[in-house]
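Novice: The structure follows.
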Amino acid sequence: MRRPLIAGNWKMNTTPEEGAELGRALAKALVDAPAVDVAVYPPFLSIGPVAQALRGTDVAVGGQDLHTETGGAYTGNTSGEMLAAAGCTTVLVGHSERRTYEQESGELLAAKTRAGLRAGLWVTFCCGETDAQRDAGDTLDVVRGQLADGLGGLTANELRNVVIAYEPVWAIGTGRTATPEQAQDVHAAIRAWVTSTWDAGVGRSMRILYGGSVKPTNVVGIMAKPDIDGALVGGASLKADSFDALVRFQSL
Ligand code: PGA
């Protein structure tokens with residue numbers, strides 16, 4: 001019942017021109033794509049050209065961040081409403097790079113999640129532990145704490161527009177993927193937490209993506225796990241052929 005979702009987080013990569021080119025390549029590669037949902041998160045300046053290149057496809061385009069307000073005197077920021085007007089239907093919230101480099105707090109991330117939903121976007125909400133937290137045996141407490149802070153105030157109805165991405169910080173951009181078993185253990189704990197915080201229906205329908213060095217060579221083992229519903233992909237989403245292979249994981 002949970003349709004797989006493969007999402008590409010382009011991070012701070014691609015000029016508008018390069019983004020458009022990658023968008024066109026994806027549009028071409030994914031014409032006969034299988035029955036999975038696909039989303040890409042280009043940097044702000046590439047959103048317009050990418051949305052244009054992907055027009056007429058089912059690929060969702062999203063922002064990598066948003067401000068909590070709709071507009072006004074917030075120099076350098078972009079609102080969810082602006083993202084929607086530029087062709088976005090989704091937004092990333094709580095990526096570990098923003099938690100670390102921009103010091104985004106749980107409270108801020110809760111407000112950003114609400115702002116995304118207010119703008120009519122679906123939210124991919126990220127969580128994940130550091131190496132030290134895993135070594136200390138704190139993984140599940142850290143992840144549940146991040147989710148409680150960010151999503152705890154939402155209603156079951158609002159959660160229908162939320163996807164959770166579990167991304168262990170030690171696996172992001174390092175080539176060190178969590179084993180399918182390590183990921184499955186955390187995904188199962190996240191689903192159990194969602195079920196106990198809301199109800200079994202929300203738990204069953206919540207899509208939980210794994211992220212952290214996902215590549216065509218390891219996606220099959222990851223996607224075989226029962227509580228893993230998709231992938232959030234950084235590096236391997238920047239080349240049309242590897243992203244296309246990931247979207248077609250069912251035939252790898
Ligand atoms: P990676 O990034 O696939 O390059 O590890 C994943 C992410 O940060 O979303």
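Novice: Within the set of pairs 6+ apart or on separate chains, which have a first residue in the stretch 119-141 that is under 30 Å from residue 61 (Cα atoms), a second that is of a type in the set (D, E, K, R) and within 16 Å of the ligand (Cβ to nearest atom), and C-beta atoms under 8 Å apart?
Specialist: Hits for this filter: 126/167; 127/167; 128/167.
Novice: In addition: Looking at the stretch 199-213, I want the residues that are free of Cβ contacts under 8 Å to residues at least 60 places away in the same chain and have a partner that is within 10 Å of the ligand (Cβ to nearest atom) with Cβ atoms under 6 Å, at least 6 apart or on another chain. Which pairs are those?
Specialist: Note: pairs meeting the criteria are 210/231; 213/171; 213/175; 213/177.
Novice: Can you confirm whether the stretch 228-236 contains a residue that is within 14 Å of the ligand (Cβ to nearest atom), of a type in the set (Val, Ile, Thr) and surrounded by 17 or more Cβ atoms within 10 Å (Cβ to Cβ)?
Specialist: For the stretch 228-236, residues within 14 Å of the ligand (Cβ to nearest atom), of a type in the set (Val, Ile, Thr) and surrounded by 17 or more Cβ atoms within 10 Å (Cβ to Cβ): present.
Novice: For the stretch 72-79, does any single residue satisfy the condition of being away from the ligand (no atom under 16 Å from the Cβ), free of Cβ contacts under 8 Å to residues at least 24 places away in the same chain and hydrophobic (A, V, I, L, M, F, W, C)?
Specialist: Checking the stretch 72-79: at least one residue is away from the ligand (no atom under 16 Å from the Cβ), free of Cβ contacts under 8 Å to residues at least 24 places away in the same chain and hydrophobic (A, V, I, L, M, F, W, C).
Novice: Now for a different question. Please indicate, with yes or no, whether at least one residue in the stretch 200-211 is part of a loop (DSSP other than H, G, I, E, B) and either within 16 Å of the ligand (Cβ to nearest atom) or among the small types (Gly, Ala, Ser) (or both).
Specialist: yes
Novice: Restricting the search to the stretch 27-47, which residues are within 29 Å of residue 108 (Cβ to Cβ), out of contact with any Gly (no Cβ under 7 Å at 6 or more places or on another chain) and crowded, with 18+ Cβ neighbours inside 10 Å?
Specialist: 37, 38, 43
Read-outs: derived from the displayed coordinates by stated rules, not from any lab. Quick caveat: nothing in here was measured; it's all calculated off a predicted structure. Note: ideal-geometry Cβ built from the backbone for every residue, glycine included; neighbour counts use all protein chains shown.
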